[in-house]
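Scroll down for the structure; my scribbles are underneath it.
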Amino acid sequence: MYLSRFLSIHALWVTVSSVMQPYPLVWGHYDVCKTQIYTEEGKVWDYMACQPESTDMTKYLKVKLDPPDITCGDPPETFCAMGNPYMCNNECDASTPELAHPPELMFDFEGRHPSTFWQSATWKEYPKPLQVNITLSWSKTIELTDNIVITFESGRPDQMILEKSLDYGRTWQPYQYYATDCLDAFHMDPKSVKDLSQHTVLEIICTEEYSTGYMTNSKIIHFEIKDRFAFFAGPWLRNMASLYGQLDTTKKLRDFFTVTDLRIRLLRPAVGEIFVDELHLARYFYAISDIKVHGRCKCNLHATVCVYDNSKLTCECEHNTTGPDCGKCKKNYQGRPWSPGSYLPIPKGTANTCIPSISSIGNPPKFNRIWPNISSLEVSNPKQVAPKLALSTVSSVQVANHKRDCECFGHSNRCSYIDLLNTVICVSCKHNTRGQHCELCRLGYFRNASAQLDDENVCIECYCNPLGSVHDRCNGSGFCECKTGTTGPKCDECLPGNSWHYGCQPNVCDNELLHCQNGGTCHNNVRCLCPAAYTGILCEKLRCEEAGSCSSDSGQGAPPRGCPALLLLPLLLPPALLGTAGPLGM
């Protein structure tokens with residue numbers, strides 16, 4: 001009886017499972033690219049937006065240190081404990097495996113005892129700065145899905161910058177600044193992610209939360225991805241539909257969590273109070289035991305699998321797409337322009353599959369025939385534009401090679417033939433490209449030198465800072481044209497003598513050349529806070545407290561010659577009184 005009951009329950013479960021099979025078991029995870037469904041025509045494929053699972057991306061990266069010889073142990077050296085500078089029995093020797101601390105130990109299995117870690121050379125060349133760049137490269141666009149966590153074996157650095165690149169290390173943007181004193185180190189007010197909101201989630205902040213003194217027991221630094229997700233998905237990330245909707249419709253938000261490279265810039269080790277002698281300097285160094293980066297391959301919602309082969313990550317593309325990021329349509333499937341998948345509508349999204357080309361099913365590709373206005377052509381001498389061009393010349397042009405000449409590097413599937421010039425040009429170039437063959441970048445974008453011409457990411461947005469740049473366009477190297485007083489590739493930095501206040505503005509005061517006088521203090525480089533008795537831009541003038549006298553800080557009288565109140569006195573007196581005053585003065 002029990003066996004028959006079990007078989008009945010099992011049969012019911014199989015039936016229910018078969019009914020639910022067309023849809024993903026986990027709603028909103030986008031872990032299925034297609035499934036078969038039954039329609040009146042029979043079984044057909046139902047396509048859905050899909051993406052790979054989140055995983056530990058440190059298994060697939062390449063690490064580079066700058067300077068290359070910054071790792072300790074060559075030559076061997078002794079270093080001291082942070083808490084006790086007199087415990088100097090630790091040795092680093094690159095030639096001895098048990099005493100070596102190479103970079104790969106930042107990514108090995110954690111939980112060993114004693115722990116393994118990478119370590120820099122000590123700060124024996126003080127006061128020359130001890131600075132290290134640690135670059136993590138994937139040679140592939142990835143999307144971050146969890147906090148970046150850096151665990152230090154020694155004290156957390158006094159100053160550090162986390163940076164990202166979207167163009168394989170050609171250009172860099174700051175992700176977050178870390179310092180024990182943000183104002184002193186980076187001229188930024190300290191903030192935490194909790195101070196942000198949906199509207200300011202992309203703001204680059206400086207935090208003092210993870211850079212406390214070397215005596216603290218905490219060794220971890222975070223870059224908070226999930227806290228930023230929570231502005232849209234709620235504190236427990238339960239409303240993923242809202243987050244996916246924002247990612248789908250806001251390119252800058254999507255790009256914020258997308259990287260090809262990360263760079264950890266260690267600018268100043270944990271030092272506390274510096275004691276300049278060889279024994280104390282041996283305890284100042286960087287040591288990292290673990291770096292965690294969780295994310296997924298960016299496949300434009302066209303794949304659930306990302307393979308690692310020959311030290312390279314590549315999406316296994318569905319929906320008739322191809323490329324490392326599934327960024328273009330397969331050959332013979334260019335019936336409409338390529339498009340990334342969409343998270344919307346929740347929960348299955350939209351696949352935006354590539355469809356067969358017209359030519360692939362027996363019909364020739366469509367060409368538009370254009371006869372342009374001669375005056376609209378760009379020529380060096382308008383008077384020499386085919387003055388005796390006969391109609392027979394135009395009609396006799398051969399068009400047999402149209403198919404061969406329609407080369408748009410995958411950025412368009414339409415071409416037009418201009419009879420007058422006997423030229424085939426691409427029409428409606430996509431992926432921010434332009435030109436006869438979609439080989440150039442649109443204004444506001446520049447060429448990604450690390451990408452091939454047929455890569456969908458061949459043109460990168462300039463991202464010129466709107467407050468610091470003249471316009472939103474950049475040159476071929478990605479450098480924007482900056483306003484006066486502004487510098488940096490994106491025009492988001494100020495030249496000396498200027499400070500950032502809704503763009504770079506000339507300093508009214510500073511602590512170098514434009515000193516506030518008479519005991520005044522400079523406030524944010526924009527104005528002097530003057531003592532009560534002084535006024536003026538630099539507190540250089542005495543303030544008149546009452547008509548007829550000006551006083552100094554000490555309260556003693558001052559000559560009234562510069563007092564504006566006396567100059568106004570004749571204007572304030574009645575005319576009759578002024579008329580009487582004349583004879584009396586005589």
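The values are calculated or read from the model by the stated rules, or taken from the named source; none is laboratory data. Keep in mind that what you see is a predicted model, and the values were worked out from it rather than measured. Here the Cβ positions follow ideal geometry from the backbone for every residue, glycine too, while neighbour counts run over all protein chains shown.
The numbered conditions (1) charged (D, E, K, R); (2) outside any strand (DSSP E or B); (3) touching a residue at least 60 places away in the same chain (Cβ under 8 Å) are all true for residue 125 except (3). Check whether at least one residue in the range 54-63 is over 23 Å from residue 317 (Cα atoms), assigned by TED's automatic domain parsing to the domain that holds residue 244 and either buried (at least 16 other Cβ atoms within 10 Å of the Cβ) or in contact with a helix residue (DSSP H, G or I) (Cβ under 7 Å, 6 or more places away or on another chain) (or both), and report yes or no. Within the range 54-63 (the criterion being over 23 Å from residue 317 (Cα atoms), assigned by TED's automatic domain parsing to the domain that holds residue 244 and either buried (at least 16 other Cβ atoms within 10 Å of the Cβ) or in contact with a helix residue (DSSP H, G or I) (Cβ under 7 Å, 6 or more places away or on another chain) (or both)), the answer is yes, since at least one residue qualifies.
Of these, 167, 108, which one is under 27 Å from residue 327 (Cβ atoms) and assigned to a loop (DSSP other than H, G, I, E, B)? Step by step, each of 167, 108 is checked, and only 167 is under 27 Å from residue 327 (Cβ atoms) and assigned to a loop (DSSP other than H, G, I, E, B). The residue list 509, 522, 438 contains one member that is outside any loop (DSSP other than H, G, I, E, B) and surrounded by 15 or more Cβ atoms within 10 Å (Cβ to Cβ), which is 522. For residues in the range 525-535 being crowded, with 19+ Cβ neighbours inside 10 Å and in a loop (DSSP other than H, G, I, E, B), which is modelled with the highest pLDDT? Restricting to residues being crowded, with 19+ Cβ neighbours inside 10 Å and in a loop (DSSP other than H, G, I, E, B), the top hit is 530. Residue check: is residue 330 among the basic types (Lys, Arg) and over 23 Å from residue 175 (Cα atoms)? In short, yes.
With respect to residue 154, determine if the residue is surrounded by 18 or more Cβ atoms within 10 Å (Cβ to Cβ), small (Gly, Ala, Ser) and in the same structural domain as residue 235 (by TED's automatic domain parsing). Judged against the criteria, residue 154 is a match. Report, ordered by the first and then the second residue, all pairs with beta carbons closer than 6 Å, sequence separation of six or more or different chains, a first member in the range 461-472 that is touching a residue at least 24 places away in the same chain (Cβ under 8 Å), and a second member that is in a strand (DSSP E or B) and among the β-branched types (Val, Ile, Thr). Pairs found: 468/486.
Restricted to the range 465-506, and to residues there that are of a type in the set (Gly, Ala, Ser) and outside any loop (DSSP other than H, G, I, E, B), the residue that is nearest to residue 527 (Cα to Cα) is 499. Could you count how many residues in the range 488-534 are over 26 Å from residue 174 (Cβ atoms) and among the aromatic types (Phe, Trp, Tyr)? So the answer is 1.
Within the range 412-438, track down each residue that is touching a residue at least 24 places away in the same chain (Cβ under 8 Å) and at positive phi. Passing the criteria: 422, 428, 431, 432, 438. Among residues of the range 46-63 that are polar (S, T, N, Q), those with a Cβ under 7 angstrom from a residue that is in a loop (DSSP other than H, G, I, E, B), sequence gap 6+ or separate chain, pair up as 51/30; 51/299; 51/301; 51/304; 54/145; 54/146; 58/107; 58/293. Contact map, the range 347-365: residues that are closer than 20 Å to residue 426 by Cβ paired with residues that are modelled with pLDDT under 50 and part of a loop (DSSP other than H, G, I, E, B), Cβ distance under 8 Å, separation 6+ or inter-chain. Pairs shown: 357/365; 358/364; 358/365; 358/366; 359/365. Being in contact with a strand residue (DSSP E or B) (Cβ under 6 Å, 6 or more places away or on another chain), closer than 24 Å to residue 268 by Cα and at pLDDT below 95 is a property that residue 107 lacks. When 95, 115 are screened for being assigned to a loop (DSSP other than H, G, I, E, B), closer than 14 Å to residue 288 by Cα and among the small types (Gly, Ala, Ser), only 115 passes. Looking for something assigned to a helix (DSSP H, G or I), touching a residue at least 60 places away in the same chain (Cβ under 8 Å) and closer than 30 Å to residue 65 by Cα - is there at least one such residue anywhere in the range 295-302? No, the range 295-302 contains no residue that is assigned to a helix (DSSP H, G or I), touching a residue at least 60 places away in the same chain (Cβ under 8 Å) and closer than 30 Å to residue 65 by Cα. Does the range 404-418 contain at least one residue that is more than 25 Å from the chain's Cα centre (by Cα), modelled with pLDDT under 80 and closer than 21 Å to residue 335 by Cβ? Yes: one or more hits. If you go through the range 50-82 and keep only what is among the hydroxyl-bearing types (Ser, Thr, Tyr) and part of a loop (DSSP other than H, G, I, E, B), you end up with just 54.
Yes or no: residue 332 over 25 Å from the mean Cα position of the chain (by Cα) and buried (at least 17 other Cβ atoms within 10 Å of the Cβ)?
no
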